[in-house]
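First comes the structure, then the notes that go with it.
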Amino acid sequence: MHLRKTMKKIIIILILIFNCGLIFSQSDSLKMRQIEIKTAKLNEQSNKILEKRKFETDSIRHEAKLYANKVYVESEFQNSGTYLVSELYFENGKILFVKMAEKSPDFKNEDDAWKFTQYYYENGILILEDYYIQIPSVMMCVGIPMDKDWHELYGYNRNLTDEFLKQLTITLIEKTK
């Protein structure tokens with residue numbers, strides 16, 4: 001009888017731990033979805049360009065379009081030819097979301113290959129990062145070799161590291177304030 005009660009308690013504790021784990025694991029996803037919904041609403045409201053700016057940082061040419069709560073920047077890296085599109089969203093004057101998309105130089109179609117980096121913020125503090133690629137439609141049924149990475153397959157710039165993109169985000173914010 002004592003063993004049965006002990007086992008029952010252990011099972012209840014495990015269920016509670018498991019459920020808490022699920023709740024916490026979903027909290028990032030829930031927060032991410034809330035930010036994406038806010039971003040979509042801000043995007044809908046960003047129909048009037050308030051200002052256009054052109055500027056350079058190091059060997060990167062930037063063309064920015066400033067909206068009420070959004071900044072859209074096209075960046076061309078003069079040395080490497082890399083093309084990067086950045087969208088920065090703000091809420092109450094603080095950064096809310098950043099989406100950076102690096103275009104693959106190896107694909108020229110409309111549905112080209114892109115590498116995406118997304119940063120989610122809460123009260124201006126980075127809380128979550130997300131990375132993914134868009135495979136071009138011509139490659140949908142083609143297997144990806146196990147010995148190659150995204151950079152080799154699609155020609156992405158290896159110098160666009162996470163640290164570099166975070167610093168670039170800060171620079172873009174400073175240059176478009």
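The values are calculated or read from the model by the stated rules, or taken from the named source; none is laboratory data. Remember, predicted model here, so these are calculated numbers, not experimental data. Glycine also receives a Cβ, built like all others from the backbone with ideal geometry; neighbour counts cover every protein chain displayed. Side chains included, ligands, DNA and RNA excluded: accessible areas come from the protein's heavy atoms. Shrake-Rupley method; radii C 1.70, N 1.55, O 1.52, S 1.80 Å.
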Take the conditions open to solvent by 40 Å² or more (accessible area, probe 1.4 Å), at pLDDT below 95 and under 19 Å from the mean Cα position of the chain (by Cα) and apply them to LYS31. Does it pass?
yes
Look through TYR131, TYR119 and report the one residue that is touching a residue at least 40 places away in the same chain (Cβ under 8 Å) and on the phi < 0 side of the Ramachandran plot.
TYR119
Would you mention how many residues in the stretch 93-115 are open to solvent by less than 60 Å² (accessible area, probe 1.4 Å) and closer than 18 Å to LEU42 by Cβ?
7
Answer residue from the stretch 87-102, given it is closer than 13 Å to LYS177 by Cα and part of a strand (DSSP E or B) and is nearest to the chain's Cα centre (by Cα) among those:
LEU88
Where LEU165 falls short, out of the listed (1) surrounded by fewer than 12 Cβ atoms within 10 Å (Cβ to Cβ); (2) assigned to a helix (DSSP H, G or I); (3) modelled with pLDDT of 90 or more:
(1)
Between a residue in the stretch 136-154 that is at pLDDT 65 or above and any residue that is surrounded by fewer than 13 Cβ atoms within 10 Å (Cβ to Cβ), which pairs come within a Cβ distance under 6 Å, given they are 6 or more apart or on different chains?
PRO136/ASP111; SER137/ASP111; HIS151/ARG158; TYR154/ASP106
